[in-house]
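Below you'll find the structure, written out as structure tokens, and then a few comments.
The values are calculated or read from the model by the stated rules, or taken from the named source; none is laboratory data. Because the structure is predicted, anything quoted here is derived from the model rather than measured. No Cβ is skipped: glycine too gets one built from the backbone with ideal geometry, and neighbour counts run over all protein chains shown.
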Amino acid sequence: MGRFLGWALSSGRVIVILSEFVVVMAFGSRFWFDQKLNDLVEEIEAKEVVVESYVAVEEQMRDVLAREKKVSEFLEGNLDLMSMFANFKRATPSDVFLESVVMNENQIKIGGTAGSEAGFASFLNNLGYVPGVSSIRLGKTVFDERSGGVDFEVLVNLVNGE
């Protein structure tokens, strides 16, 4: 029994010392973890400030992108118009001068002067071959006897979606 008591007392001391060591380590590590937590909180707060500073920039960028989308849609639609006007230009003989071009959704009203009846006839014929043209109607046509030219007004109906 004496041996067991001697062993228990010496082992108990070691166990108590180890337990105290663990408690001291836990207590000491708490300061280290608290410092790490404070550093992380400060870092997060600094990053939140940076992110919040970009809120106005992001709103401006979203506004710019929304405007850019509208502009690009407008330009895409106008590129179709530009190609159509290029086709009208190719269809116009050299002695035909366009004075007005008014465009609605499905119709273009063209007013101008042709230097000759043949030039006017060629213009009307060429308009029939322009892509996107569904029909052509003559508005007014006036023959100028002094110059031999024709003042005209033509309504060009477009295919829907062109």
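What to note about this one:
- Residues in the stretch 51-110 that are in a helix (DSSP H, G or I), in contact with a helix residue (DSSP H, G or I) (Cβ under 7 Å, 6 or more places away or on another chain) and not aliphatic (A, V, I, L, M): 0 in all.
- Within the stretch 113-131, residues that are within 13 Å of F85 (Cα to Cα) reach partners that are part of a loop (DSSP other than H, G, I, E, B) and of a type in the set (A, V, I, L, M, F, W, C) with beta carbons closer than 9 Å, at six or more positions or on different chains, in the pairs P131/V159.
- Reported count of residues in the stretch 111-140, each being assigned to a strand (DSSP E or B) and of a type in the set (A, V, I, L, M, F, W, C), is 4.
- Taken residue by residue, the stretch 139-159 has no member that is aromatic (F, W, Y), under 16 Å from S83 (Cα atoms) and either outside the structural domain of F85 (by TED's automatic domain parsing) or surrounded by fewer than 18 Cβ atoms within 10 Å (Cβ to Cβ) (or both).
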